[in-house]
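Engineer: Sharing a structure with you now.
The values are calculated or read from the model by the stated rules, or taken from the named source; none is laboratory data. Just so you know, these numbers come straight off a predicted model, no measurement behind them. Please note: Cβ atoms are built from the backbone with ideal geometry, for glycine as well, and neighbour counts cover all protein chains shown.
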Amino acid sequence: MTFISCDWGTSTFRLRLVGAADKAEFRSDDGTAKLATVGGDRAETFRTTLVTGLEQLRAPPHLPVVISGMASSTSGWKELPYARTPFRVDGRDVISAPLDERTWLLSGLRTETDVMRGEETQVLGLFEKLGFELPSRCVVVLPGTHSKHVDVDCGAVKNFRTFMTGEVFDVLARQSVLRHSTDPTADLDVNAFMEGVSAVQTTPLLAALFQVRTRQVLQKQDAPANTSFLSGLLIGSELTSLARESIPIWVAAGDRLRTVYELSAKAIGLESQLRTIDSEDLCPRGQAVVLQNLLKSGDCSPGFPPSI
């Protein structure tokens, strides 16, 4: 399928030309949080941003555009209601809406206590990519600012939980007393990271966090090592929640996050349960699943490209 994938996050805006011989991509910092503060006609602001991005992408003007992420939130282009669990991984439960004759907006997913927008599209892409390689029951971990643990059983998302791992790291490393002992730009120190994972296994997280400070004061540990120790505490605490039962775990992320989650899983004893996969192409794969469903169902408008 050839179409334009749009991943519209809180802080980033990304377009990709999918399925064409020549790869093309455009990204900017025009996330939903930024555009929501512009004022005036919000829908027009989003539309203008999309048009400008498509011009930069230099994609054929007839191609369909599929948008997922925060563009369907209260601070986005047009608010759509969340789909609810159970949510089938073949994409049939996705809630979508046309924005014009070539552009479709996808909504998010909710339970009684939690929400996501965008990650559910990655889950669809993961199952489209791996198919029968995935067990009928597993947990899909999507690390990030708000890490998602998604429970999949018999072809449907049954539940999920959000861990504010990335955001807590950023706040602590940049705004708390720990900012004097850390450097968020530092490279990974594997030994210090593993010390953090081990520490949170025996010490409550809120108590272990202050060790980032005391490591500097009492042990003269430098900021890069302390930063990795802090990361180990937080990721180790997150993954410990999965140690209660033997279930396959798939972590979908970029190179760096795959590495630290694998290290953490090894220290906790989850190594045999955990597999990883690059998340780079999961969003457009999931969007392709939804687009195929729209075309098959006949929900696309008459002006929508009949052949892609």
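Engineer: Check whether at least one residue in the stretch 123-145 is surrounded by fewer than 22 Cβ atoms within 10 Å (Cβ to Cβ), assigned to a strand (DSSP E or B), in contact with a Ser or Thr (Cβ under 9 Å, 6 or more places away or on another chain) and in contact (Cβ under 8 Å) with a residue 12 or more places away in the chain, and report yes or no.
Structural biologist: Within the stretch 123-145 (the criterion being surrounded by fewer than 22 Cβ atoms within 10 Å (Cβ to Cβ), assigned to a strand (DSSP E or B), in contact with a Ser or Thr (Cβ under 9 Å, 6 or more places away or on another chain) and in contact (Cβ under 8 Å) with a residue 12 or more places away in the chain), the answer is no, since none of the residues qualifies.
Engineer: Then there's this: Any residue in the stretch 216-232 that is part of a helix (DSSP H, G or I) sitting within a Cβ distance under 8 Å of a residue that is crowded, with 24+ Cβ neighbours inside 10 Å and aromatic (Phe, Trp, Tyr)? List the pairs, counting only those 6 or more apart or interchain.
Structural biologist: Ser228/Phe193; Phe229/Phe193; Ser231/Phe193; Gly232/Phe193
Engineer: If you don't mind, there's one more thing I want to ask. Return the pairs, sorted by first residue and then second, in which the second residue is in a strand (DSSP E or B) and of a type in the set (D, E, K, R), the first residue lies in the stretch 1-13 and is without any contact (Cβ under 8 Å) to a residue 40 or more places away in the chain, the beta carbons are less than 8 Å apart, and the residues are 6+ apart or on different chains.
Structural biologist: Once the first residue is without any contact (Cβ under 8 Å) to a residue 40 or more places away in the chain and sits in the stretch 1-13, its partners that are in a strand (DSSP E or B) and of a type in the set (D, E, K, R) give Thr12/Arg27.
Engineer: Right, next: Just to verify a result, which residue in the stretch 32-47, among those that are in contact (Cβ under 8 Å) with a residue 24 or more places away in the chain and basic (Lys, Arg), is surrounded by the most Cβ atoms within 10 Å (Cβ to Cβ)?
Structural biologist: Top of the filtered list is Arg42.
Engineer: Next question. Just one of the numbered conditions (1) of a type outside the set (A, V, I, L, M, F, W, C); (2) over 21 Å from the mean Cα position of the chain (by Cα); (3) buried (at least 16 other Cβ atoms within 10 Å of the Cβ) is not true of Gly232; which one?
Structural biologist: (2)
Engineer: A further question on this structure: State whether the residues of the stretch 177-194 include one that is among the polar types (S, T, N, Q), in a helix (DSSP H, G or I) and outside the structural domain of Pro61 (by TED's automatic domain parsing). I'd like the intermediate steps shown before the answer.
Structural biologist: The first filter runs over the stretch 177-194 and keeps only residues among the polar types (S, T, N, Q), leaving 181-182, 185, 191.
If we keep only those that are in a helix (DSSP H, G or I) as well, we get 181, 191.
Then keep just the ones that are outside the structural domain of Pro61 (by TED's automatic domain parsing); that gives 181, 191.
Yes, because at least one residue in the stretch 177-194 is among the polar types (S, T, N, Q), in a helix (DSSP H, G or I) and outside the structural domain of Pro61 (by TED's automatic domain parsing).
Table: residues versus (1) modelled with pLDDT of 95 or more; (2) of a type outside the set (Ser, Thr, Tyr).
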| position | (1), (2) |
| --- | --- |
| Cys6 | yes, yes |
| Phe13 | yes, yes |
| Lys23 | no, yes |
| Thr45 | yes, no |
| Thr49 | yes, no |
| Leu54 | yes, yes |
